[in-house]
Amino acid sequence: MVDTSILARLGALCDRLRHAATPVEVMDAVGQATLDLLGPGLLTINAWHAQTGEIQRLWSSDPAAYPVGGKKVKGDTAWTRQLLVRGEVFVGEGDAALAAVFDDIAVIRGLGLNGVVNVPLCQGGHVIGTFNYLAAVERWTAGQVTVLRLLGQMAMPAVED
């Protein structure tokens, strides 16, 4: 059985997206829906520039800690191969899992976050961006990961622009 409150919130998001005129309005709508559906956390939406190996932040739910426009060069790691090359979701649970893949772990710890779901945004079989949600969680449920994958797809038109 599908949770009707989740469906109602997704329906409201669809209505809001229908009126979104700019990429920022799309990301604002999806960002607010993500926090409404999954609770407090940090959401960033990024563009992936495969030629330069750079991730560029397009949207952030916490611009003080993670400002829009920020860039990072990503080297060849198991995480980059999984998320950015193969286009597979990355789920990290616990401080050690995050410390193994994020060089900004001190900032993440300072925000009280210990779990992440990184969703690749793919077009034509290639990753063009990422949808990243961090929260204070012990374990991610399959339902939470699925909701984040859906929300990421709803944000993708803003990344394409």
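What follows is calculated from the coordinates using simple rules that are stated; it is not laboratory data. From a predicted model like this one, the values you see are computed outputs, not experimental measurements. Positions of Cβ are generated from backbone atoms using ideal geometry, with glycine treated the same way; all protein chains shown enter the neighbour counts.
In segment 51-132, what trypsin sites (Lys or Arg not before Pro) fall in a loop by DSSP, with at most 13 other Cβ atoms inside 10 Å?
Qualifying residues, ordered by number: ARG86.
Only Cα pairs within less than 10 Å get springs; with that Gaussian network setup on the chain, which residue of HIS49, HIS126, HIS19 has the largest fluctuation?
Result for the chain, Cα springs under 10 Å: HIS19 fluctuates most.
Neighbour counts of other C-beta atoms within 10 Å: give me THR44, THR4, THR77 arranged from fewest to most.
On the way: THR44 24, THR4 8, THR77 12.
Fewest to most other Cβ atoms nearby, the residues stand as THR4, THR77, THR44.
To two decimal places, what compactness ratio does segment 1-100 give when its Cα radius of gyration is scaled by 2.2 N^0.38 Å?
Details: Rg = 15.8 Å, N = 100, 2.2 N^0.38 = 12.7 Å.
This ratio for segment 1-100 stands at 1.25.
Relative contact order (percent) for segment 8-161, with alpha-carbon contacts under 8 angstrom and 6 or more residues of separation?
Over segment 8-161, the number comes to 24 percent.
How far apart, in nanometres, would the label points at GLN123 and ALA21 be if each is projected 7 angstrom from Cα along the Cα-to-Cβ direction?
Simple spin-label model gives 2.2 nm for this pair.
How large is ³J(HN,Hα), in whole Hz, for each residue of segment 113-123 in order, when computed from phi with the Karplus curve 6.51 cos²θ - 1.76 cosθ + 1.60 and θ = phi - 60°, using x for Gly and Pro?
After applying 6.51 cos²θ - 1.76 cosθ + 1.60, I find 9, 9, x, 9, 10, 9, 9, x, 9, 10, 9 Hz.
Which of TYR133, TYR66 comes first, and how do the rest follow, when ranked by fewest Cβ neighbours within 10 Å?
Ascending Cβ contact count within 10 Å gives the list TYR66, TYR133.
I need MET154, MET27 ordered by Cβ neighbour count within 10 Å, fewest first.
MET154, MET27
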